[in-house]
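The values are calculated or read from the model by the stated rules, or taken from the named source; none is laboratory data. Quick caveat, the model's predicted, so the values are computed rather than measured. No Cβ is skipped: glycine too gets one built from the backbone with ideal geometry, and neighbour counts run over all protein chains shown.
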Amino acid sequence: MGRYLSLDLRDRVIAAIEGGMSCRQAAERFGVSAASAIRWRQLALVHGTPAAKPQGGDQRSGRIEAHGDFILATIAEQDDITLVELQDLLAERGAPVGIGTLWRFFERRRITRKKRRPTPASRNAPTS
């Protein structure tokens, strides 16, 4: 994935194009590719700015988050449900997800799915 170039450079390229240069001439003058200059011009025409889109961030949790209310209601109703059982329920609803996806869903909300109650710390030896 390439890095994005500054908005200042993009604005200067667009200003040169609007000043009468071709996209290829402006690209050569500012040391960027012709494809970038053409793409920035298209962005400026369509959106009014050649600014880059946000990079990074979570791209995949939207699928499971769409069923977040159902998942939380299910664990409130049946608190000892396993991740596999929850995975099967979601598959029946048309949302097949992996165990890791469910695990990350609960991790984001700081919900633990332990089957036993936490034991108090031992004074003599660490407990498992």
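Kindly indicate whether Ser61 is closer than 30 Å to Leu86 by Cβ and in contact (Cβ under 8 Å) with a residue 24 or more places away in the chain.
Spelling it out, Ser61 is indeed closer than 30 Å to Leu86 by Cβ and in contact (Cβ under 8 Å) with a residue 24 or more places away in the chain.
Residues checked against (1) under 19 Å from Asp58 (Cα atoms); (2) charged (D, E, K, R); (3) under 26 Å from the mean Cα position of the chain (by Cα); (4) modelled with pLDDT of 90 or more:
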{"residue": "Gly68", "(1), (2), (3), (4)": "yes, no, yes, yes"}
{"residue": "Thr101", "(1), (2), (3), (4)": "yes, no, yes, yes"}
{"residue": "Arg113", "(1), (2), (3), (4)": "no, yes, yes, no"}
{"residue": "Arg117", "(1), (2), (3), (4)": "no, yes, no, no"}
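Hey, could you check the range 81-99 for residues that are outside any helix (DSSP H, G or I) and of a type outside the set (A, V, I, L, M, F, W, C) and say which is modelled with the lowest pLDDT?
Thr82
Residue by residue through the range 3-21, note down the ones that are part of a loop (DSSP other than H, G, I, E, B) and not hydroxyl-bearing (Ser, Thr, Tyr).
Across the range 3-21, the qualifying residues are Arg3, Leu5, Gly19, Gly20, Met21.
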